[in-house]
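Below is one structure, written out as structure tokens, with a few remarks after it.
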Amino acid sequence: MKHFTTLAVPMLGAPLLCLSLATAAQDTDPETGLVMAEGWETVRDNCTACHSADLVTQNSGSRNHWEKLIRWMQDTQGLWEFPPETEATILDYLAEHYGPKEGARRPPLPRTLMPDNPYPTVAEPSG
Ligand code: HEC
């Protein structure tokens, strides 16, 4: 029975950790998950009619990427045209809050910082 007490600590800790991570991030709309910043209601009103907001929040890219995506939906998926100010609001919001994920991954380590190859018989590129 002793192992139950040791398990209880990490199991209680996990939800608390999730809570503190969530509050450290920007406020998000509980319904759509969209970051609640300038323009988010415009995005909610125009971008969640056909599909879940998850498609939006799980995507990321430059303003150009988002613009191409909107054009693609307008050309092929029946997305309506936006007045220029509305489109600018949407693109500003998306580029700002769902922008390119640069730096989300560190660059690969140089070979000199890697441990020795444990399989020395495998041919290594020369030079
Ligand atoms: C008229 C319907 C409609 C509206 C409104 C709409 N979309 Fe879409 N969107 C689609 C369809 C259809 C797909 C393809 C869904 C699929 O592949 O399951 C899609 C796919 C996407 C994808 C995924 C693209 C990919 O590479 O897989 C993203 C991101 C997206 N939409 C963002 C938006 C944004 C941002 C808006 C608001 C400007 C928006 N959508 C409004 C119809 C719409």
request  = Assess whether Leu55 counts as being loosely packed, with under 15 Cβ neighbours inside 10 Å and closer than 16 Å to Leu34 by Cβ.
outcome  = yes
message = When you scan the range 67-90, do you find a residue that is surrounded by fewer than 16 Cβ atoms within 10 Å (Cβ to Cβ), modelled with pLDDT under 95, at negative phi and within 20 Å of the chain's Cα centre (by Cα), even just one?
response = no
Candidate set from the range 24-52 (those that are within 17 Å of Thr89 (Cβ to Cβ) and part of a helix (DSSP H, G or I)); member that is nearest to the ligand (Cβ to nearest atom) = Cys47
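Output the residues belonging to the range 53-99 that are in a loop (DSSP other than H, G, I, E, B) and either within 10 Å of the ligand (Cβ to nearest atom) or of a type in the set (A, V, I, L, M) (or both).
Quick first cut of the range 53-99, residues in a loop (DSSP other than H, G, I, E, B) only: 58-62, 77-83, 98-99.
Gln58, Asn59, Ser60, Gly61, Gln77, Gly78, Leu79, Trp80, Phe82, Tyr98 - these are the residues of the range 53-99 that are in a loop (DSSP other than H, G, I, E, B) and either within 10 Å of the ligand (Cβ to nearest atom) or of a type in the set (A, V, I, L, M) (or both).
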key: Long-range neighbours under 7 Å by Cβ, at least six apart or interchain, first residue without any contact (Cβ under 8 Å) to a residue 12 or more places away in the chain within the range 32-51, second assigned to a loop (DSSP other than H, G, I, E, B) and surrounded by 13 or more Cβ atoms within 10 Å (Cβ to Cβ)   = Met36/Asp29
request  = Starting from the range 53-70, keep only residues that are more than 19 Å from Thr28 (Cβ to Cβ) and among the hydroxyl-bearing types (Ser, Thr, Tyr), then list their pairs with residues that are assigned to a helix (DSSP H, G or I) and more than 9 Å from the ligand (Cβ to nearest atom) whose Cβ atoms are within a distance under 8 Å, requiring at least 6 positions of separation or different chains.
outcome  = Ser62/Ala95
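The values are calculated or read from the model by the stated rules, or taken from the named source; none is laboratory data. The shown structure was predicted, so the numbers you read here are calculated from the model rather than taken from an experiment. Because the Cβ atoms are built from the backbone with ideal geometry, glycine has one as well, and the counts that use them run over all protein chains shown.
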